[in-house]
Structure formats: C-alpha cells, structure tokens
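Taking it in order: structure first as structure tokens, then the write-up.
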Amino acid sequence: MKLLPLEYRIEALKELKSYFFKLLKMEFSRYVLAFQAPTGSGKTVTMACFLKEIVNELPTHFELANRNVTYIWIAPNALHLQSYQSLSTFYNETRDIRTIGVEDITDDCLKPNEMLFLNWQTINRDDTLFMRETERGHSFREILYQTILNDTLIVVIIDEEHLMAGGKTAEKAEQILKVINAKIELRISATLTDKALRSPYRVMISREAVVKEQMIKKGVHLNPKVKAQEQAGRDADIVLLEKALEKRKEIEIAYQEAGANIRPLLLIQLPSDTHKFLKKM
C-alpha cells in the first residue's frame, strides 16, 4: 500500500512514537496517549502506520525492561469490523502485526505483536459469554491474566473515544478499562473526551494542516445555484426537485443534440422512516 507523504502525518507519527516509548519506560499503568485529528484526515491509516513503526522499532529500544507488547483495539457498534478489515489488509502486506478476533485467540492469552479487535457490546455486559468465567477459563479476564503472566504488556486502542462518554456508558467503559489495566490507553477521536484532553501526552492534527494537504476542503457549498429568493417560503424539497427536473431536461436535450438516444434518470433518495411519513398522509 503506497501512502501519500503527508507532512501532518509524518509530524504526528514522530510525536506519537516519542510519547509512546516514554510511557513504556514509566513505572505504572493506564497512561493516556491521546490522538485527535479531524474527520477525513485518515486517523485509521495514521494509526496503522504508527503501530507498524512501533513494532519494528521496539526491538532496538534496549532501555526498555519489557519489549513484548500486545494490542487490543476497541470500537463502538460495528466500527471494529471496519478497522479490522482495513488493518488486516494493511498488515497482510507488511506482516508486522497479526490481526485477530476472539475466535483466533490461542493458549488463552494474547501474544506479542497481536492485535485483538473488540466492540464495546462484546465486553460491556457481564453476562456475555466472553466476559463470563467458564470451565476452560476462556473469559476475557482470564485471557488478560494469562497475557500478563507471560510478561506481555497490553496497549489498548480506543477508537472514536468520544462515543463512550457520558452516563452509564462512561461508567461501564471505565470499569472495563480498569479490568484491562493496560500500560497505555491510546484514545483516538476527532472530538476527544475531557479525560483525553487533560492528558499531557496528546497529539493533535489541525484542520488547517489537513486542508493544506488537500485531504479535505475548506468548506462545502450545497446547491449553490438555489437562491433564497427562489424559495419564497416554499418547501425546500419542492424547490430542489424543480431544479433537479430542469437539470435532467437540460442533460436530455444535450444528449439529443449529440445524437445519443439516452433519457437520463432522476434519482431521489427517500428517508429511512418513510413508512412513518406515509401513515400520516
């Protein structure tokens, strides 16, 4: 996979690595390393590059008492599946990290340079099979215990960290993170929580830097040819539909003049709750 040499990514990787190796040398656990970057900047790709470089550089850091590190990637809803697919493709080429799911865990523990992908729904309830103690001892807690016994440090990556903020969700997330007791909690989001923002180990990519590299635009102008005076109190959807029909007719005429027997279609995307709308009619 050929990546663009983005200046903001190069600088972010330097800062992240500097903090990471510093935190690995420290005595205690649950240090927060925060990474904030705007949507569209490529947070997942940056993380993939960062972890790849960490794995490759760890063997050369002789000042570290322990250089065995395993990773747990946690995301809300089904986002962990998207990350798993993206990073699996990335690491299939480089073979730096072995990406795994729960079913791929062997010897009831996580191994160095493995990355386990989980979603909050898998571990935020004590009655899920993965969290319950079983006769074989294959629960999440037992896996963590065996991993630590094997002298392997745990780094947890919390994707879209802001989605676990507030109320019972935040309380349960904190309980889970206490159970994991990772050496480093790498928290990622475009809008970090207060806890992450308070961390002295924080790397931020500005929106201006991303715009400068043309990864995102300064702004988006929706329907620029629709003037406010044209609406004149009418429903905006009606005005947009009229404009779309005019454009469809314009394109049809252009095809006819070019000698092409093509009749363009106008596609309309309906809202997902149209059945509720129809019931009211």
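The values are calculated or read from the model by the stated rules, or taken from the named source; none is laboratory data. Every value quoted in this text rests on a predicted model; they were computed, and no experiment measured them. With ideal geometry, Cβ positions are generated from the backbone for all residues, glycine too; neighbour counts draw on all protein chains shown. To get the accessible areas, we keep the full protein, side chains included, count just its heavy atoms, and leave off ligands, DNA and RNA. Shrake-Rupley method; radii C 1.70, N 1.55, O 1.52, S 1.80 Å.
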Residue within the stretch 32-52 that is polar (S, T, N, Q) and part of a loop (DSSP other than H, G, I, E, B) present: yes
Which numbered condition GLY233 fails, given (1) surrounded by fewer than 11 Cβ atoms within 10 Å (Cβ to Cβ); (2) closer than 29 Å to GLU7 by Cβ; (3) at pLDDT below 85: (2)
Restricting the stretch 65-110 to residues that are acidic (Asp, Glu) and at positive phi, the residue that is least open to solvent (accessible area, probe 1.4 Å): ASP108
Search result, residues across the stretch 46-64 that are in contact (Cβ under 8 Å) with a residue 40 or more places away in the chain and open to solvent by 50 Å² or more (accessible area, probe 1.4 Å): LYS52, GLU53, ASN56, GLU57
Search result, residues across the stretch 123-163 that are open to solvent by less than 40 Å² (accessible area, probe 1.4 Å), modelled with pLDDT under 75 and under 25 Å from the mean Cα position of the chain (by Cα): THR128, PHE130, MET131
Complete set of residues in the stretch 148-187 that are in contact (Cβ under 8 Å) with a residue 24 or more places away in the chain, small (Gly, Ala, Ser) and outside any helix (DSSP H, G or I): ALA165, ALA182
Conditions (1) in a loop (DSSP other than H, G, I, E, B); (2) surrounded by fewer than 20 Cβ atoms within 10 Å (Cβ to Cβ); (3) within 14 Å of the chain's Cα centre (by Cα); number of the one not met by GLU27: (3)
One residue from ALA34, ALA78 being among the hydrophobic types (A, V, I, L, M, F, W, C), more than 25 Å from ASN150 (Cβ to Cβ) and modelled with pLDDT of 95 or more: ALA34
